[in-house]
């Protein structure tokens, strides 16, 4: 073990070869122990992922150790170099100034025989530490191996330049997200914070407690922070509405054009009866978020497609001549548009012996299966969040109790800093489309209102996308992926930032991942996932990303625009009562049932006569929360 003098205590070797950003370093022979002391503190030399610096004039070049080795030496030098010629490879990542400022990228290269120094804790403190009042930095944990050094992140870059949190299941990803959201929603520090979380599994409502307004398909009536999720169909663009209501249409385009005309006509009629600022009956389009009655449209199209009429000689195809079936009292079965109940028509009669001739109403659109499917959606409560969206559901004249401004207020203007859109109750067949709708509504709103006081420039929005790999894939028809690409490419200019959270980054569209300026890379075991993360980074950081399979739970490599120097960080977990509902079930709990935070387990007594009726009720209702039943006698 060598104790160097104060002048060269940090020198560990010299530059031997420079190839682009890769530098080969020959280690000093007197560092054979691999340990050096600086100011009484020991440092391991040549640790993979550790930092070194190369002074070049008034600038220090910083690099990351990516490889360490030793080569054989000639026999006549064995005594002088008993441990062989030891070397390491360093990847240059940036440069620092004597003032303590650090920037990514390099303006000059080292030359042969330039000294290479280890980076001491004092150096790291100068780089990572932020003196004075700098409100745009938040503490997310501490630098791994140096608990005295805070891991600080620049939220200006974190939010508007987009970010990604990636890690395999069990790496602490959801807890990291919850910790970040708790920090960013601190009302004392950020009273105007605005965050929207797309929560696919209902994990975050408990984690954020009283800081979040929660909207879900099946809200718990006993939680005052939970409200019913409403995404009115008329806020969708025309193509979005077609996908989630009618589905695929005939290829000839006739049906699409007919529906397009009817939607524009219905929206114009709404504006005539209920004028709205910003659009008139003459300027309204099919994509304009103006209410209209989808039930009425469905009923009219159903009559056109399935209807029959009396075609005796001289009869006309008008409503008075339609061939409705009759009920027991002799009344025509007209159906009920509001309830989604279709009318019933008599069957066709065209035989020569039939005195009463009945024919189909001509000019059908070949929409029978689509109209039957839409009718069932109008009748099934699972789709009420979209097709019967509470106060945003229009009557047959297009009038609504709440307008688009009220919807934006509930999502973006709540008195809570976080809005959680719990999509766990959304039918899986339309999850992708619904996420695309939500993202497009948020983006369009902030785009057009960018110069308003509640726009994105004065009050930026962070959108957190959980389980992003399920809907941000390479599918070119994916509505969510298409909108997210617009957000990550252009959202910075309008104050909307994305935080992509995924356990399978290899399944995310590369365009989206490459636009993320900051990465929280947690443990990743899959080689394909690691290569996608490495490929998305602008820096030459193979040495750090090679460490991803061996990171500890809750540990992340934070790198990108929000941090000066990439850092291996132990993320500070939020308090236990503010952690997401994503923990693994405990099979055998070490704590007593009254002390444990997780119910059940194999080591507790099994209840007598277990009741499986709630089990089945939640399954049938597609709602994990049962309504509280009144007790007998109440």
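The values are calculated or read from the model by the stated rules, or taken from the named source; none is laboratory data. From a predicted model like this one, the values you see are computed outputs, not experimental measurements. Every residue, glycine as well, gets a Cβ built from its backbone with ideal geometry; the counts of neighbours run over all protein chains shown.
Restricting to the stretch 495-508, name every residue that is over 15 Å from the mean Cα position of the chain (by Cα) and surrounded by 21 or more Cβ atoms within 10 Å (Cβ to Cβ).
Hit for the stretch 495-508 is 495, nothing else.
Got a number for residues in the stretch 448-474 being surrounded by 13 or more Cβ atoms within 10 Å (Cβ to Cβ), assigned to a loop (DSSP other than H, G, I, E, B), on the phi < 0 side of the Ramachandran plot and in contact (Cβ under 8 Å) with a residue 12 or more places away in the chain?
Total satisfying the criteria: 12.
Quickly run through the stretch 200-212 and pick out the residues that are surrounded by fewer than 22 Cβ atoms within 10 Å (Cβ to Cβ) and more than 16 Å from the chain's Cα centre (by Cα). Outline the logic, then answer.
Of all residues in the stretch 200-212, those surrounded by fewer than 22 Cβ atoms within 10 Å (Cβ to Cβ) come to 200-202, 206, 209-211.
206, 209, 210, 211 - these are the residues of the stretch 200-212 that are surrounded by fewer than 22 Cβ atoms within 10 Å (Cβ to Cβ) and more than 16 Å from the chain's Cα centre (by Cα).
Would you point out the residue of the stretch 412-429, among those that are touching a helix residue (DSSP H, G or I) at 6+ places or on another chain (Cβ under 8 Å) and under 16 Å from residue 210 (Cα atoms), that is surrounded by the fewest Cβ atoms within 10 Å (Cβ to Cβ)?
Among them, the one singled out is 416.
Starting from residues that are touching a helix residue (DSSP H, G or I) at 6+ places or on another chain (Cβ under 6 Å) and without any contact (Cβ under 8 Å) to a residue 60 or more places away in the chain, keep the ones in the stretch 509-527 and report whichever is surrounded by the most Cβ atoms within 10 Å (Cβ to Cβ).
512
Exactly one of (1) in contact (Cβ under 8 Å) with a residue 40 or more places away in the chain; (2) more than 19 Å from the chain's Cα centre (by Cα) is unmet by residue 184. Its number?
All conditions pass for residue 184, except number (2).
In the stretch 504-526, what count of residues is obtained for those that are out of contact with any strand residue (DSSP E or B) (no Cβ under 7 Å at 6 or more places or on another chain) and more than 16 Å from residue 462 (Cβ to Cβ)?
Result for the stretch 504-526: 10.
So which residues in the stretch 377-403 are part of a helix (DSSP H, G or I) and under 19 Å from residue 240 (Cα atoms), if there are any at all?
First, pick out the residues of the stretch 377-403 that are part of a helix (DSSP H, G or I): 377-379, 381-387, 390-392.
Listed by number, the residues that qualify are 377, 378, 382, 383, 384, 385, 386, 387, 392.
Restrict the check to the stretch 155-164 and report whether at least one residue is surrounded by fewer than 20 Cβ atoms within 10 Å (Cβ to Cβ), out of contact with any helix residue (DSSP H, G or I) (no Cβ under 6 Å at 6 or more places or on another chain) and modelled with pLDDT under 95.
Start the filter on the stretch 155-164 by keeping residues that are surrounded by fewer than 20 Cβ atoms within 10 Å (Cβ to Cβ), which leaves 156-157.
Keeping just the survivors that are out of contact with any helix residue (DSSP H, G or I) (no Cβ under 6 Å at 6 or more places or on another chain) gives 156-157.
Then keep just the ones that are modelled with pLDDT under 95; that gives 156-157.
Yes, the stretch 155-164 has at least one match.
Just give me the residues in the stretch 183-199 being in contact with a helix residue (DSSP H, G or I) (Cβ under 7 Å, 6 or more places away or on another chain) and either surrounded by fewer than 19 Cβ atoms within 10 Å (Cβ to Cβ) or part of a loop (DSSP other than H, G, I, E, B) (or both), in sequence order.
185, 190, 193, 194
Here's the yes/no breakdown for (1) surrounded by fewer than 16 Cβ atoms within 10 Å (Cβ to Cβ); (2) free of Cβ contacts under 8 Å to residues at least 12 places away in the same chain:
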position: 307; (1), (2): no, no
position: 311; (1), (2): no, no
position: 316; (1), (2): yes, yes
position: 322; (1), (2): no, no
position: 325; (1), (2): yes, no
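Could you run through the stretch 72-113 and say how many residues are closer than 16 Å to residue 20 by Cβ and either at pLDDT 85 or above or crowded, with 18+ Cβ neighbours inside 10 Å (or both)?
Of the residues in that region, 14 qualify.
Which residues, taken from the stretch 38-54, are free of Cβ contacts under 8 Å to residues at least 60 places away in the same chain and touching a strand residue (DSSP E or B) at 6+ places or on another chain (Cβ under 8 Å)?
Hits for the stretch 38-54 are 42, 44, 46, 47.
Condition check: in contact (Cβ under 8 Å) with a residue 60 or more places away in the chain, part of a helix (DSSP H, G or I) and within 27 Å of residue 402 (Cα to Cα). Does residue 262 satisfy that?
no
Output the residues belonging to the stretch 273-285 that are surrounded by 12 or more Cβ atoms within 10 Å (Cβ to Cβ) and more than 35 Å from the chain's Cα centre (by Cα).
274, 280, 281
Okay, residues lined up against (1) outside the structural domain of residue 170 (by TED's automatic domain parsing); (2) modelled with pLDDT of 70 or more:
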site: 571; (1), (2): no, yes
site: 596; (1), (2): yes, no
site: 603; (1), (2): yes, yes
site: 619; (1), (2): yes, yes
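Can you spot a residue in the stretch 167-182 that is touching a helix residue (DSSP H, G or I) at 6+ places or on another chain (Cβ under 7 Å), part of a loop (DSSP other than H, G, I, E, B) and surrounded by fewer than 21 Cβ atoms within 10 Å (Cβ to Cβ)?
Among the residues of the stretch 167-182, not one is touching a helix residue (DSSP H, G or I) at 6+ places or on another chain (Cβ under 7 Å), part of a loop (DSSP other than H, G, I, E, B) and surrounded by fewer than 21 Cβ atoms within 10 Å (Cβ to Cβ), which makes the answer no.
Tell me, please, whether a residue that is surrounded by 19 or more Cβ atoms within 10 Å (Cβ to Cβ), touching a residue at least 24 places away in the same chain (Cβ under 8 Å) and under 26 Å from residue 487 (Cα atoms) can be found in the stretch 134-149.
yes
Has the stretch 228-250 got any residue that is assigned to a loop (DSSP other than H, G, I, E, B), on the phi < 0 side of the Ramachandran plot and loosely packed, with under 14 Cβ neighbours inside 10 Å?
Taking the stretch 228-250 first, the residues assigned to a loop (DSSP other than H, G, I, E, B) are 229-232, 236-237, 246-250.
Filter once more, keeping what is on the phi < 0 side of the Ramachandran plot: 229-232, 236-237, 246, 248-250.
Now narrow it down to the ones that are loosely packed, with under 14 Cβ neighbours inside 10 Å: 248, 250.
Yes: one or more hits.
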